[in-house]
Amino acid sequence: MSAVSQDVRWRAATSGVNVRARSLSVAAAAAALVLVQPGLAVAAADPSTTVTYTVTSGALTLSVPASANLGSGAPGTEISAPIGPVTVTDDRALLTATWTVTASETDFTTSGSTLPASSADYDPGSITTTGTITATGTPVTLSHTATPVVTGTSGVGDNTATWNPKVTVNVPAGAVGGAYTGTLTQSVA
């Protein structure tokens, strides 16, 4: 028996304290500490909530000016001007967004005279974007056939692209005077 045990036993005998009872109360206190210690007690399963939501998607649209006046010029010259902002709005919220804008032109006519569509060029110029789309412009000579002029690639989610294309008409030397009208059709897909 150790000296501490003998001392406790002796004090217990001389003070009339019941050592056994004291031992039990120390054991009970130790057990209580174990039960309140964090992480040692077993908790009931925590309740959970499943949270859902929907990201809506829209359409792929193109806005163009209703009309444009390029100005005037003599036979054998160029008549050139920006036609106004053209904007692609892609609200489809796609993981991989791509689109292509094409342009075609009718022949230009005035009373009794026609200039071919191919007498005009379309240059997208600089393109401003929002979102992650990469927009690339391609200058073209216009024709009756829809030809790609701006391509959007590598987009994620919604995006926009805006440019102000310049249309240049090469007026033939033998052109007849008058106000010529043609229709430029741009579309996106």
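The values are calculated or read from the model by the stated rules, or taken from the named source; none is laboratory data. All values reported here derive from a predicted model rather than from experimental measurement. As a convention, Cβ positions derive from the backbone with ideal geometry for all residues, glycine included, and neighbour counts pool all protein chains shown. Just the protein is used for accessible areas: all its heavy atoms, side chains included, with ligands, DNA and RNA removed. Shrake-Rupley method; radii C 1.70, N 1.55, O 1.52, S 1.80 Å.
Computed values, structure above
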| quantity | calculated |
| --- | --- |
| Tyr180 accessible area, 1.4 Å probe, all protein chains in place, Å² to nearest 10 | 60 |
| Stretchable slack from Leu95 to Ala59, in nm (0.36 nm times residue separation minus alpha-carbon distance) | 11.5 nm |
| Projected label distance in nm at Thr77 and Thr129, using a 7 Å step from Cα toward the beta-carbon | 3.8 |
| Euclidean distance of C-alpha centroids, segment 123-161 and segment 77-112, integer Å | 9 |
| Sites Thr145 and Thr49 - FRET efficiency at Förster radius 35 Å, r taken between beta-carbons, to 0.05 | 0.05 |
| Label-point separation in nm, Ser154 to Asp107, each point 7 Å along Cα→Cβ | 4.3 |
| Förster-model FRET efficiency, 41 Å R0, Thr162 and Thr114, C-beta, rounded to 0.05 | 0.80 |
